[in-house]
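Student: The structure is given below, and queries will be raised subsequently.
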Amino acid sequence: MTFMRDLLRTFRKDEQGTISVELVLILPVLFWGYLSMFSIFDAYRQHSLNQKAAYTLGDVISRETAPIDNSYLIGSREMLAYLTANVKDDVAVRITSVTYDADNDEYKKYWSKNKGWMPALSNEAIQALREDLPVMPDNETVVVVETFVKYDPPFNTGLQTREIHNFVFTRPRYAPQVLWNDGSS
């Protein structure tokens, strides 16, 4: 019996191999932490890219003096896909021309068009966006550009697949409003 007790006592006091055991225990946690940090950084990078792309689209559209049409909208979606390094099926764009009516204290849409899975905005939806729209003088117009991009994290570390939505409004620069050409004269 004393032999077993002495053997257990020497085993308990022996510290050889503890670094190997600690490494086996901590390495998966360190690896998961590294992948998590990489995924979080990638999510912030993608949010930043999407926001810059939305501002770029808003700026380009605000400079238009000729009416824009469906081909322009398709090109805007393709530009969004290019600027955010996504495939066209993973991006959607919605462009809305909004004016403010001071007499009735309400925002109204001139037109709203979309490419992708998001529907065009109705006048009721414009009223729901009241808090997001800028304070405007009577009969002033802005172009609202909304971009939607599906984001899938590179690693499964807890971040979920989500949709990144950006909402940008820009005042038309060279014309009183941006017009829509639906093909009729």
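Student: Give the residues of the range 67-113 that are in a strand (DSSP E or B), surrounded by fewer than 19 Cβ atoms within 10 Å (Cβ to Cβ) and either β-branched (Val, Ile, Thr) or in contact (Cβ under 8 Å) with a residue 40 or more places away in the chain (or both), sorted by residue number.
Tutor: If the condition is that a residue be in a strand (DSSP E or B), surrounded by fewer than 19 Cβ atoms within 10 Å (Cβ to Cβ) and either β-branched (Val, Ile, Thr) or in contact (Cβ under 8 Å) with a residue 40 or more places away in the chain (or both), then 99, 110, 111 are the ones that fit.
Student: Return yes or no: is residue 182 exposed (fewer than 13 other Cβ atoms within 10 Å of the Cβ) and either part of a strand (DSSP E or B) or at pLDDT 90 or above (or both)?
Tutor: No.
Student: Suppose we filter the range 124-174 for residues that are in a loop (DSSP other than H, G, I, E, B) and either touching a helix residue (DSSP H, G or I) at 6+ places or on another chain (Cβ under 6 Å) or among the aromatic types (Phe, Trp, Tyr) (or both); how many remain?
Tutor: Residues in the range 124-174 being in a loop (DSSP other than H, G, I, E, B) and either touching a helix residue (DSSP H, G or I) at 6+ places or on another chain (Cβ under 6 Å) or among the aromatic types (Phe, Trp, Tyr) (or both): 8 in total.
Student: All but one of (1) free of Cβ contacts under 8 Å to residues at least 40 places away in the same chain; (2) in contact with a helix residue (DSSP H, G or I) (Cβ under 8 Å, 6 or more places away or on another chain) hold for residue 26, so report the exception by its number.
Tutor: (2)
Student: Which of the residues that make up the range 48-66 are assigned to a helix (DSSP H, G or I) and in contact (Cβ under 8 Å) with a residue 40 or more places away in the chain?
Tutor: 50, 51, 53, 54, 55, 57, 58, 59, 61, 62
Student: Any idea which residue in the range 119-149 is farthest from residue 103 (Cα to Cα), counting only those that are buried (at least 16 other Cβ atoms within 10 Å of the Cβ) and charged (D, E, K, R)?
Tutor: Once the filter is applied, the top-ranked residue is 146.
Student: Against the definition (under 30 Å from residue 173 (Cα atoms) and among the hydrophobic types (A, V, I, L, M, F, W, C)), how does residue 35 come out, yes or no?
Tutor: In short, no.
The values are calculated or read from the model by the stated rules, or taken from the named source; none is laboratory data. The structure presented is a predicted model; accordingly, all values stated were derived computationally and were not measured. When we count neighbours, we look across all protein chains shown, and the Cβ atoms used for this are built from the backbone with ideal geometry, even at glycine.
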